[in-house]
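Novice: Shown below is the structure under consideration.
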Amino acid sequence: MRKLYSFSFLLFVSFIFAISYHALRLTFEYNEDKLQMVRYEEVYYRDGDKIVFVKVPKKVIWVKLGERYYIGEGTTLKLSPPIKDLEDIFYQYLSYHKISDDFDGEITISEKTFNIKAEKRNGFITKIARKFHSVLTEMQYIYLPDNKTFEDVLSEFKFVDKSDFPMKIYNILNLFLWFDAKISGNDLEIFAIDKEGLEVELTLSKEKGTYKIDNFYLTIKKASEETRKEIENEVRDNN
């Protein structure tokens, strides 16, 4: 179960996470103190929705609108599996465990498989860092004046609600704090962290598996009892 161990300069005052912002973000990923990756992006945020222009290492655009995610390299963006950055993971984790996000200063939360720390000043996140096994990922924010409204930026894109995957797969992936996927032969291996901070391993195949979802088969290789039940409920949902 979670262990909340550090509140430095923590004041429960009426600073609430900004309803909207425009920012540059720099993300650094280290493995055993060696820099492995740098990502540079520009973000427009409004009420939980966001438009993210990834500029380095590869130019790509992704958008979160409600519970739907879209991705592409141009002005036409296609439906995508959930894309959760460190900001989403942090706030989702606080919400799931009913920890207030109304703080100013620094908060660190430790779990069995990872820990996550965020710094907030005057109601704005300035840095988020996550340590998962030997990998440290750190995101830093530089806030900018609003040169365009969220609606203006959003109007530049066309959104296509067509996907190669059934919506049940999207719903299952949305159960997790975050996930990574890699191709293994003809299968897709999915490694995730659930909302309790525990590891999950799934296999998605077009050939064989435990649960049939349209033209795919899903196998749960590793999951807690609670997460397994949540996945099975999504599989059996007729909606």
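The values are calculated or read from the model by the stated rules, or taken from the named source; none is laboratory data. Since this is a predicted model, take the numbers as computed values, not measurements. FYI the Cβ positions are ideal-geometry reconstructions off the backbone, even for glycines, and counts take in every protein chain you see. For the accessible areas, the whole protein counts, side chains as well, though only heavy atoms, and no ligand, DNA or RNA atoms are used. Shrake-Rupley method; radii C 1.70, N 1.55, O 1.52, S 1.80 Å.
Novice: If I histogram all Cα-Cα distances within the chain using bins 10 Å wide from 0, what percent of pairs lands in each bin?
Specialist: Binned Cα distances yield the sequence 7, 28, 35, 24, 5, 0.
Novice: Based on the inverse mean of 1/r over its pairs of different Cα atoms, what is the Kirkwood hydrodynamic radius of segment 167-237, in Å? Before the final figure, lay out the partial values.
Specialist: Values: mean 1/r = 0.0832 Å⁻¹.
One decimal place: 12.0 Å for the Kirkwood radius.
Novice: Further, regarding this structure: Give the aspartates and glutamates whose C-alpha is closer than 14 Å to that of LYS55, dropping any in the same chain fewer than 8 places away, or say none.
Specialist: Leaving aside aspartates and glutamates fewer than 8 places away in the same chain, those within reach of LYS55 are GLU41, GLU42, GLU73.
Novice: Something else about it: Any lysines with Cα under 25 Å of the LYS229 Cα? List them, leaving off those in the same chain fewer than 8 positions away.
Specialist: LYS3, LYS84, LYS98, LYS112, LYS168, LYS182, LYS195, LYS206, LYS208, LYS212, LYS221
Novice: Suppose the chain between ARG68 and MET37 were pulled fully straight at 0.36 nm per residue; how much longer would it get relative to their current alpha carbon spacing?
Specialist: 8.5 nm
Novice: Among DSSP beta bridges whose residues both lie in the chain, state the antiparallel percentage, nearest 5. Please list the in-between numbers first.
Specialist: Values: 87 of 90 bridges.
Antiparallel bridges: around 95 percent, rounded to the nearest 5.
Novice: Also, I was wondering about something else. List the lysines whose alpha-carbon lies under 16 Å from that of LYS162, not counting same-chain residues fewer than 8 positions away?
Specialist: Counting by Cα, and skipping residues close in sequence, LYS162 has these lysines nearby: LYS64, LYS78.
Novice: Follow-up question, since we're still on this one. How high is the FRET efficiency between GLU226 and ASP146 when r is their beta carbon distance and R₀ equals 45 Å, given to the nearest 0.05?
Specialist: Using R0 = 45 Å, I get an efficiency of 0.60.
Novice: Sticking with this one: How big is the dipole moment of the chain about its Cα centre under a simple scheme where the beta carbon of each Lys and Arg is +1, that of each Asp and Glu is -1, and everything else is neutral? Debye, nearest 20, please.
Specialist: 300 debye
Novice: Continuing with the same structure: Please list, by residue number, every one of the trypsin sites (Lys or Arg not before Pro) in segment 189-239 that is coil in DSSP and has at most 14 other beta-carbon atoms within 10 Å.
Specialist: LYS206, LYS208
Novice: For segment 113-199, state which GluC sites (Glu not before Pro) are in a DSSP loop and have at most 13 other beta carbons lying within 10 Å of their beta carbon.
Specialist: Filter output for segment 113-199: GLU156.
Novice: May I ask you to give the solvent-accessible area per residue for the chain, in square angstrom, as obtained with a 1.4 angstrom probe?
Specialist: Normalised by residue count, the accessible surface of the chain is 54 Å².
Novice: Share of segment 167-237's accessible area from carbon and sulfur, percent, 1.4 Å? Spell out each step's value before the answer.
Specialist: Values: 1640 of 3750 Å².
Solvent-exposed carbon and sulfur of segment 167-237 make up 44 percent of the total.
Novice: In the chain, if the dipole is taken from +1 on Lys/Arg beta carbons and -1 on Asp/Glu beta carbons about the Cα centre, which of SER95, LEU24, PRO57 is farthest to the positive end?
Specialist: PRO57
Novice: Starting from the Cα-Cα distance between LYS58 and LYS78, subtract it from 0.36 nm times their residue separation and give me the gain in nm to one decimal.
Specialist: Contour length minus the Cα-Cα distance gives 5.5 nm.
Novice: Mind putting a number on the dipole of segment 167-237 about its Cα centre? Charges go on the C-beta only, +1 for Lys and Arg and -1 for Asp and Glu, and I need it in Debye to the nearest 20.
Specialist: I would put it at about 240 debye.
Novice: First select every other residue whose beta carbon is under 14 angstrom from the beta carbon of PHE150; then total the charges, Lys and Arg +1, Asp and Glu -1.
Specialist: Details: positive: ARG46, LYS50, LYS64, LYS148; negative: GLU42, ASP47, ASP49, ASP146, GLU151, ASP152, GLU156.
Value of the local net charge: -3.
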